[in-house]
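Read-outs throughout are calculated quantities, based only on the coordinates presented, and are distinct from any laboratory measurement. Because the structure is predicted, anything quoted here is derived from the model rather than measured. Cβ atoms come from the backbone with ideal geometry, glycine included; neighbour counts cover every protein chain shown.
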Amino acid sequence: MPEICEVLEVAPILRVSDPVLAAAWYSEKLGFSIDFFWPEPGGAQEPSYAIVRRGEATLHLSGVGSDSVTPALAYIFVSDVDLLAAELAERGAGLGSGPRTHTYGMREIELTDLDGNHLTFGQGAVDVEVEA
């Protein structure tokens, strides 16, 4: 049998109007760390790309060609969505909905970032009653 390459990670690329502003929002409101800017802030050019991370989740924030930002969707799996919802509410993140348990077996919260990108944070809901 031939050797198979293991897929290690996926990193959604979200279009943003200002990568520096977006990265700061993800850091302050959602608790992500800012891992990378390109080019570095303070140089001759403003950064057009940023990478933010929380745990194993990495999001790339691209301002390249973002004259008109088209919102994207990202689903982020978490270990405790209720704990995260409380944290994000305390940070003033502005939850759109949730926490809510759905018939498809996930408990989720939803929110929208500064550029209209839709983020859903979810966890598997075992033995949890579905809410109407």
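Odds and ends about this structure:
- Local net charge near D80, Cβ-Cβ under 13 Å (Lys/Arg +1, Asp/Glu -1): -2
- Net charge of Cβ neighbours under 12 Å - reference A93; Lys, Arg +1; Asp, Glu -1: -3
- At full extension, A89 and I4 could sit 26.3 nm farther apart than now, given 0.36 nm per residue minus the alpha carbon distance.
- On Cα atoms only, tilt of 19-30 relative to the major axis of the chain in degrees: 30 degrees
- Within-14-Å neighbourhood charge of D113 [Cβ basis; K, R +1; D, E -1]: 0
- Helix 81-91 vs. the chain, principal-axis angle (Cα, 0 to 90°, nearest 10): 50 degrees
- Scattering curve values for the range 7-132, log₁₀ I(q)/I(0), Debye with Cα scatterers, q = 0.10, 0.14, 0.18, 0.21 Å⁻¹: -0.33, -0.62, -0.96, -1.21
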